[in-house]
Structures are given as C-alpha cells and as structure tokens.
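Down below is the structure, laid out as structure tokens.
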2 protein chains.
Amino acid sequence: MKTRLKSKEVTALLREHGFKVTPQRLAVYDVLAHTTAHPNAETIYQELQPYYPTMSLATVYKALAILCEVGLAQELNLGEEAFRYDANTSHHPHVRCTCCGRVDDIMGNLSSEAMEQQAAVETGYAITDHQYYFFGICPECQKAGKGEKH
Amino acid sequence: MKTRLKSKEVTALLREHGFKVTPQRLAVYDVLAHTTAHPNAETIYQELQPYYPTMSLATVYKALAILCEVGLAQELNLGEEAFRYDANTSHHPHVRCTCCGRVDDIMGNLSSEAMEQQAAVETGYAITDHQYYFFGICPECQKAGKGEKH
DNA sequence: ATACAAATAGATAATCATTATTTGTTACCC
DNA sequence: GGGTAACAAATAATGATTATCTATTTGTAT
C-alpha cells in the first residue's frame, strides 16, 4: 500500500519533480490519504473549507493534478459527472454502489495480469494500463432494501 | 453479436418502448451499427451532416440516449472528455491506444464471471455490472514508432 | 387519405466540471 | 534576509451535455 505517506516523504517527492511544497498541496494530500471514500475535487474542497477558508476550488484541482503527476494519487473515472481521486495509487479495481453512489476498493488479486496478456494477444496492442470497474449494490443498501438510485 | 439490426427490428424496439420512429434516430443507429470506431456524439453529428444538414447536435444526443435506453447501444466512458457510443451492447472490454486515441473491442472471454464473483465475495456487494478498460499502444502506432500522445 | 393529439426536432440558452488567465503573494536557493 | 520563479486566489473561459421552447412530424383513429 502506498497510502498515508509521511509529510516528509510527500515533501521530498514534490521537490524531486520540481514542484514547490505548499500547505495547500499537503492539505489536499492529507485529505486523500485519510479517507477511502474516493472523494472528488468538490468534496475535498468542502472538507478543507473550515481549515483553509481562502483556498479556491481551482487550487484543489491544481494540487490534485500535481499529486497525480508525482505518483501520490490517481484519478478515477467511474462514469459519473466528476472525477474521483485516490491516494492508493496501485492499480486496483473499484466497486460503485448503483444505489448510494459510494465507491469501495477491491484489493484482492483478480488475476489482472492474465487478462492484460489475453487482451494483448487478441488485439496486438502493447497493453500499458487498465481500469476495471464494478457496479452493484453495497451491503448497506442491500440491508436497507433500497432500489437503484444513482 | 447484437450489431447491425435491420431497420425493421430497430423500429419495433423503439415502438415497444413507446418511442416514435424518426429518420434521425434510424440514421444515428445506422452510423453506430456500421462502425467499430466507437464514435462520440460530435463525430456522429459530423458524419450525418452531409445527409441531414438540418439535424442538430442535441438531436444526436437525444437519439443516443434513447438508443441506450432501448438496448440498441451502450455508452462508453474511457476517461476522455466525451462519451463514446457502441452499437455492440454486449459487455466486452475495450482497448484504447494511448498514442492515437483509437478504441478497439476485445470480444474474447476474459473470465469476467470469475472476477465478478471474486469482487462480490471480497466486498459484499451484489455486483450487477462492470467495465473493464485497457490502455496501450495499438499495432499501427507500434509500427510507426510513435510515442504516447493522448 | 385526413385530422388530431402527443411526441419530437431544431434552435438556442443554460449548466456544470474543469481549465486558463491574471495579478498579487509566497517559497526557497543564494 | 533578498530576488526570482513558482504559486494561490479570483475570475473568466471552455466545452460537453442538458433543458427549454416552439414549429413540425409521427402514430392512430377516423
């Protein structure tokens, strides 16, 4: 797992890539590193508002872009209106509840290497990356007997 | 394969779902059914311009939404700025060339049932759907020795 | 064939996530 | 500590998609 790096390590990584270290960037990373809720930019912005009331949404976006560039975060696209972000940069699948919209990780091994290999053989592509997304009803929504919403 | 239904079958499906059959909707389906390029709304619009010069982009969007609703097309989200559409409504993975941006199908069996099952066990979700996307360099771009672009 | 009611197409404006721009401020190498 | 390049904040711009509004077209019953 690559989550929750110490501030020192984050600082070092940013400097390595020629970016300056700012409180805003550390704060955005901190939010990401302490949640598994895969928030989007707006949510991160809301969460930081009480502590950084002058920070603008654009700054959150720029911080996220930089965190992704230096390998401290990844951008998730689950077919929603907005991107989500994840401080766990390993290539794991995600599950999205079609009822409440929450997104969870799948950290177990789904033999993705074999799938990449088969995809390569079938298409002739040199596969460099993949995204596997699952959709379904989360345990809480099943318990609540709720139907499909999102 | 569910591609290239005859116009009669498309007509029937639309009526079954309470939609009226219009030349515009048939034309949009026709474009989708005769390509494997997974075009987006704008591309479909451009393609139809010569034949339907008065059709607006909004009409293309509405036609695509209806085609998806009646099961004649599916919406693809490959992390690009716009959605792509596919008249092959089976749940197959796609490969996107990170060099030229083209998107191809993977129709072979990647044992997705097993993966869905494992995801269900690990997360407790009732899995209802999934999207697997691969990214890589397509054969043509490999041949051309082109680097990563998109 | 004709007419009528409901749905649609086209034109255009609105929306909303994200990105660019501008300008004053801050981090950090010296 | 000072100078400079990078930055944050505010704001405008962008671009895909959706909503609105009205004239037209479709499906159907005469």
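Read-outs throughout are calculated quantities, based only on the coordinates presented, and are distinct from any laboratory measurement. Source: prediction; values computed, not measured. No Cβ is skipped: glycine too gets one built from the backbone with ideal geometry, and neighbour counts run over all protein chains shown.
What the table shows:
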| read-out | value |
| --- | --- |
| Within the stretch B:1-106, GluC sites (Glu not before Pro) in DSSP loop having at most 12 other beta-carbon neighbours inside 10 Å | B:E81 |
| Relative contact order, percent, the stretch A:1-106 [alpha-carbon distance under 8 Å, six or more residues apart] | 29 percent |
| Low-density loop positions, trypsin sites (Lys or Arg not before Pro), the stretch B:70-150 - DSSP coil, at most 16 other Cβ in 10 Å | B:R102, B:K146, B:K149 |
| Where rotation carries A onto B, the chain A residue whose Cβ is nearest that axis, in whole Å | A:Y132, 2 |
| Antiparallel DSSP beta bridges within the protein assembly as shown, as percent of all bridges there, nearest 5 | 75 percent |
| Exam field: A:F83 pseudo-label spacings to other copies (7 Å along Cα-Cβ), nanometres | 2.0 |
| Scaled radius of gyration (Cα, divided by 2.2 N^0.38 Å) that the stretch A:1-89 gives | 0.99 |
| Coordinate range along principal axes, alpha carbons of the protein assembly as shown, Å, largest first | 65, 54, 42 |
| Label spacing, shortest first and in nm, from B:C100 to its equivalents in the remaining copies (7 angstrom along Cα→Cβ) | 4.6 |
| Helix-derived mean residue ellipticity, 222 nm - over chain A, DSSP H n ≥ 4, -39500 (n - 2.57), to 500 | -11500 deg cm²/dmol |
| Local electrostatic count at B:F19 - Lys and Arg +1, Asp and Glu -1, tallied over other residues with Cβ under 9 Å | +1 |
| Chain B: Rg to Rh, with Rh as the Kirkwood radius over Cα pairs | 1.02 |
| Check: chain A dipole with +1 on Lys, Arg Cβ and -1 on Asp, Glu Cβ, in debye | 580 debye |
| Between the stretch A:1-71 and the stretch B:63-108, the Cα center-to-center distance that results, in Å | 32 Å |
| Assigned charges on the beta-carbon of Lys, Arg, Asp, Glu; the stretch A:7-58 dipole about Cα centre (debye) | 200 debye |
| Check: the protein assembly as shown dipole with +1 on Lys, Arg Cβ and -1 on Asp, Glu Cβ, in debye | 460 debye |
| Loop-resident sites, the stretch B:14-55, for trypsin sites (Lys or Arg not before Pro), counting at most 12 other Cβ within 10 Å (DSSP) | B:K20 |
| Ascending list, in nanometres, of distances separating the A:E9 label from those of the other copies (7 Å, Cα toward Cβ) | 5.4 |
